[in-house]
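In what follows, a structure is listed as structure tokens, so that the remarks can point back to it.
Nothing in this text is a laboratory measurement; each read-out follows from the coordinates by a stated rule. No experiment lies behind these values; they were computed from the predicted model shown. Positions of Cβ are backbone-derived with ideal geometry, glycine not excepted, and every protein chain shown enters the neighbour counts.
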Amino acid sequence: MAKRKSKNELTNNRRKKRSVTPVMITLVMVMGLFVGIGSFSVSYSYMMADSEGEITTDTFSANDIAGQAQANLIGSDIDAVITGVSSGEDGASSTVTFKNLKNDTVNTVNITEKTVFPKATTAENLSVGDIYTYVFDKDKNITELKECESAWSFSDTGARINKTAKLVKFGTEAREHKDSSYKYDENIISVRDKNGNALTLENISPLDTVKLTGYNNGTADKVYNIVIEQGHGILELRNINNIKNARVTIDGTDTEVDIGNPTVTLGEGPHTVVVKGKNISDITREVTISTDEPYVLDLSKVIVNTGALTVYSNVSDYTLYLNDKEYDEDQSILLPYGEYNVRAVKDGYANYTGSVTIDEDQNTLRINLEKFNQSGTVTLTASPAEAKIYINDEYVGTGSAKVQLALGSFVAKAECEGYQTQSKQINVSYDGQEITGSFELTQQ
């Protein structure tokens, strides 16, 4: 049977263990310090050794790393977009700067006589925004330029530019790409017309047919090239304000036209324009819109509808005026559609004033002249001849007027734009009195 240790023996053993532990920790720390100093010395010697020593090293910067990455691409197919082109003395491109579409690195390479181009491509027609696959050699010369098989391209209408979000977005006018959107880089994006002329994003209208060319590198779908294949232009509907209740239909669609600015933006090409109105026969015109200048459709020469006017009156031997033009009571009256001022005059009767609208083939006007029991005749003239004459604020004629007035007092006046208005008091005192007067207006 084993002998159990006493309490004093256990206490002495614990004290011995406590005294050994600090010694061991100190020893380990001292050994670590010597190892650290030795390692630093070796590393410092390695770093400070010159090129002729046994120990050599190369110091790499970020540019060196990028350069090494470019060197690794020598002889490889690289999908890239052109970000810059410089020309040589002969006008041909001499250097091209490409942005790698897969990793965004930039490489400037040279075009030589040995550079192989795709069909219909030359050094002269390379431009910013074009996407190609290129191959270069160790001297940074382009050995071959190829069509980029990974690039995408399509044509559609309805493109809208969001310059804040840097997006080309297709709206409801698009044929196939409604609600689709593509990012762009404003420093690289190329916009041209079908003839290769440089344009800007502001030139693009939803009415245009545009061809987009871009690339998807797996993380972003970007457009780099836009060609306006079919642009837009202006149709001017000149003199449409002469048409009453004008209605315009273009290619079967009702179109609002501002009478104050009667222009409509349309896509380039042929369109069918139909104009209707209350005072004209319907007209149909085939127009061809171009981007060069507005197409003017002059509506002053349209055929205006006419209607016959039949006048009925309670008296005979009266004189009828329509818009100040005199007509005999038995005259057949044919008038273009529109509204006319009416005045009827007969000695011994009060003047009739009113209006009539001609808007049908057959139109009727009824005139009722009221006889004066006692009256006088007043004849007035005015200079200039354009001056309008009024009696008690009722218009009676331009340049001259002859009216029958009941006994009493009246105020006659003449006015004309640019002249001072004149007024006269007229007193018809007895039946059959004849009064004449004249106005000589002075300029203001």
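Data overview
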| item | result |
| --- | --- |
| Cut-off 14 Å between beta-carbons: net charge of the residues surrounding Asp298, Lys and Arg +1, Asp and Glu -1 | +2 |
| Calculated SAXS-style log₁₀ I(q)/I(0) at q = 0.12, 0.14, 0.23 Å⁻¹ - the range 152-272, Debye, Cα scatterers | -0.53, -0.67, -1.31 |
| J(HN,Hα) series, the range 204-216, from Karplus relation 6.51 cos²θ - 1.76 cosθ + 1.60, nearest Hz, glycine and proline x | 8, 10, x, 6, 6, 9, 10, 10, 9, 10, x, 8, 10 |
| DSSP-loop GluC sites (Glu not before Pro) across the range 317-369, with at most 16 other Cβ within 10 angstrom | Glu329, Glu360 |
| Number of Lys pairs (Cα under 19 Å; 8 or more positions apart or on different chains) in the range 331-444 | 9 |
